[in-house]
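Step one of this worksheet: look at the structure below.
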Amino acid sequence: MKNRKINLIVVIMLFVTVDFSYSQNIPEVRLNFGGIDVPHERTISWNDKSEFYDSIVDVWAQKTVDYGKNGGKVNNPRILLARLHSETDVQETNQIIMGMTPWGVSGSSWFLNPNGDYDFTFTVLTTILWQFGDKPELLYEKTVEHLLNVLLTEEGNKFRRSAPRTLGLIHETENHLLMTEGSRYLKNRWLTLHGNDDPKYDNISNEMESKIFELLHEIKTNGLYEFNSMPYVGYTITALLNLEAYASGNIRKEARDVLDYMNFCFAIGSYNYKYFPPMRRRYERADWHKLTTGYHAVFMKAWISFLPEAKTNFEIGQGQAHALMGACMPYRPADYITELLFEKGSGYFVKMGHGKNACPEIYSAGKNYLLSAGGANRGKKSLIVTRPITLFLNDNAKNLEETFHISGPGANFMRWNNTGVYKNFACAAGPVSVPKKYQPIVQSNTWSVFAGSENLCIAVFSSENLGIIAIFENQEPEKILQNLKKENQDVERLKTHFQFPGGSLIQYDVKAPKDKWVITHVDETNLDRAYDNWPLLN
């Protein structure tokens, strides 16, 4: 009893002093669904193989196994998976697996659980079991026994929602929950399907089936707490891919629905793989300025590489680990998601809610562009990295510096409210950054008009405390400038009002509090600015 009290005191002290706010916050009230259906229809006949698959499997199969913890956590199981896929060094691969022992325990690593994170390893070992466990010419019987009896350490019905050694006070993170409990469920399922009638492995009677279903349904209903997370989105997707491939029919469908939701959001918020949304976790990733090699983009490239006549960009940057998992698993996106990645049709305006104390994603697209809002930090414990508002064009930009973007005030992203995006329009409390290669076609003392591709014009107002980007399609630059000067000649009024020539009057407050949308009115209509209550997709 004394030790329990000491542990409780330690946990409470750490809760106060250490940032545990990354843990999943399960809301009491479900988010409204909104007015957009996630696409699930699948009619495409995907290719069985792809150049991308061949290349990434070869890259990993040639890697050397590292027997230290760092190599064992992420790289080693993927090296072994790739060797089995390429059917190279089969005997050595089996010997390596037979010689492996668990290097840690599952769940988040922290002061009282320093050897955590082993679920990063056994999630991919679970993939190996299911893909090769019934192929004894590749994965020997004794190797399968070693996987089941030694390496896959989670089994039975010990479903755990809390982080290890927190006395149930701290919710576990989404990626750890899905990796740990998904692997536990799949080990149980494998044993049951292969003749083990021990009741503890029966996912129905031990309630693992219902608990995994509930977890997936919560994510499908409320979205992800760790939205767009770097690096954790990659491990969340990996765990979902296992469930989508190898679980029971009901669980497979729920996992596929979650993947479709995540990939639909990616498709809405990206353009030709360029993607730069607000994200939750980690602050040290705030200086990541790459547009096309984020971990979700890497998965998408792997999947799309199997599409007939695929428009595949093989550049994956630091995402090799996730590229391999995407290429080696059977999931493929729904038809409309693959289309929306590259074709925006006549355009759209979409707002995505992420719940209480989070920030939204807001996107405005036209046929040849996409405006991506950067969100807002909700205090240090929110762990939200605010990004600049970014304009993606039909070009080859790979880094933030190659785009038109706005952020502010100042350089500290925790002070920004970069939610100021509306249809064809963006504003924020700082100047507009213009890529070096662009020079204005026409300009005045107030406005500069730049030419994008495909008859697109970008009008820019930029001062120290206010930046505005307005998009015009199929209009002459000179006429745009003339109309802007006529309709928005009062610079003082421009601090809060923008009149689209021949269109809407947009009102905004670039100094809006962090829980409010920067856009306040459109044509005198009051807008719902309290985005804590916004639906998932609207």
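Does the stretch 143-185 hold any residues that are hydroxyl-bearing (Ser, Thr, Tyr), closer than 17 Å to GLY99 by Cβ and assigned to a helix (DSSP H, G or I), and which are they?
Narrowing the stretch 143-185 to residues hydroxyl-bearing (Ser, Thr, Tyr): 143, 153, 162, 166, 173, 180, 183, 185.
Among the residues that remain, those that are also closer than 17 Å to GLY99 by Cβ are: 143, 153.
Scanning the stretch 143-185 gives a single hit, THR143.
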_Testing ASN263 on (1) polar (S, T, N, Q); (2) part of a loop (DSSP other than H, G, I, E, B); (3) in contact with a helix residue (DSSP H, G or I) (Cβ under 9 Å, 6 or more places away or on another chain), one condition comes back false. Which one is that?_
(2)
*Does LYS211 fit the bill of being more than 19 Å from ASN538 (Cα to Cα), of a type in the set (Lys, Arg) and buried (at least 23 other Cβ atoms within 10 Å of the Cβ)?*
no
*In the stretch 349-366, which residues are surrounded by fewer than 20 Cβ atoms within 10 Å (Cβ to Cβ) and in contact with a helix residue (DSSP H, G or I) (Cβ under 9 Å, 6 or more places away or on another chain)?*
VAL350, LYS356, ASN357
*Considering only the stretch 317-346, state which residues are without any contact (Cβ under 8 Å) to a residue 60 or more places away in the chain and part of a loop (DSSP other than H, G, I, E, B).*
GLY317, GLN318, GLU343, GLY345, SER346
*In the stretch 233-270, which residue that is among the hydroxyl-bearing types (Ser, Thr, Tyr) and buried (at least 24 other Cβ atoms within 10 Å of the Cβ) is farthest from ASP117 (Cα to Cα)?*
SER270
*asked:* Taking the condition of being part of a helix (DSSP H, G or I), under 23 Å from the mean Cα position of the chain (by Cα) and at pLDDT below 90, how many residues in the stretch 22-72 meet it?
replied: 0
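For the stretch 75-108, which residues satisfy the criterion of being in contact (Cβ under 8 Å) with a residue 40 or more places away in the chain, crowded, with 18+ Cβ neighbours inside 10 Å and not small (Gly, Ala, Ser)?
The initial filter retains those residues of the stretch 75-108 that are in contact (Cβ under 8 Å) with a residue 40 or more places away in the chain, namely 75-78, 80-82, 84-85, 87, 90, 94, 97-98, 100-102, 105-108.
Then drop every residue that is not crowded, with 18+ Cβ neighbours inside 10 Å, which leaves 75-78, 80-82, 84-85, 94, 97, 100, 105-108.
Hits for the stretch 75-108 are ASN75, ASN76, PRO77, ARG78, LEU80, LEU81, LEU84, HIS85, ASN94, ILE97, MET100, VAL105.
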*GLY133: assigned by TED's automatic domain parsing to the domain that holds ILE237 and within 20 Å of GLY234 (Cα to Cα), yes or no?*
no
*Give the residue, chosen from ASN488, ASN474, ASN424, that is on the phi > 0 side of the Ramachandran plot and touching a strand residue (DSSP E or B) at 6+ places or on another chain (Cβ under 8 Å).*
ASN424
*Which residues, taken from the stretch 367-379, are at negative phi and buried (at least 22 other Cβ atoms within 10 Å of the Cβ)?*
TYR369, LEU370, LEU371, SER372, ALA373, GLY374, ALA376, ASN377
*Check SER346 against each of (1) of a type in the set (Ser, Thr, Tyr); (2) surrounded by fewer than 21 Cβ atoms within 10 Å (Cβ to Cβ); (3) modelled with pLDDT of 95 or more and name the one condition it does not meet.*
(3)
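Quick check on this structure: which one of ASP528, ASP490, ASP523 is at pLDDT 95 or above, more than 29 Å from GLY223 (Cα to Cα), among the acidic types (Asp, Glu) and surrounded by fewer than 15 Cβ atoms within 10 Å (Cβ to Cβ)? I'd like the intermediate steps shown before the answer.
Working: ASP528 fails: more than 29 Å from GLY223 (Cα to Cα); ASP490 fails: at pLDDT 95 or above.
Only one candidate qualifies: ASP523.
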*Need at least 3 residues that are of a type in the set (Gly, Ala, Ser) per element, so show me which strands (runs of 3 or more DSSP E) inside the stretch 411-497 make the cut, counting only ones lying wholly within it.*
456-463
*Quick one: what pairs do we get from the stretch 510-538, first residue under 17 Å from ASN424 (Cα atoms), second of a type in the set (Lys, Arg) and assigned to a loop (DSSP other than H, G, I, E, B), C-beta under 7 Å, 6+ apart or different chains?*
TRP517/ARG529; THR520/ARG529
*asked:* Condition (residue is out of contact with any helix residue (DSSP H, G or I) (no Cβ under 6 Å at 6 or more places or on another chain), touching a residue at least 40 places away in the same chain (Cβ under 8 Å) and farther than 24 Å from TYR283 by Cβ) applied to the stretch 219-228: is it met by at least one residue?
replied: yes
*In the stretch 292-311, is there at least one residue being in a loop (DSSP other than H, G, I, E, B), crowded, with 20+ Cβ neighbours inside 10 Å, basic (Lys, Arg) and within 15 Å of the chain's Cα centre (by Cα)?*
no
_Pairs where the first residue, in the stretch 419-435, is over 17 Å from PHE276 (Cα atoms) and the second is among the basic types (Lys, Arg) and surrounded by fewer than 23 Cβ atoms within 10 Å (Cβ to Cβ), C-beta under 8 Å, 6+ apart_ = ALA429/LYS511
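The values are calculated or read from the model by the stated rules, or taken from the named source; none is laboratory data. Being a predicted model, the structure only gives us computed values, none of them experimental. Cβ atoms come from the backbone with ideal geometry, glycine included; neighbour counts cover every protein chain shown.
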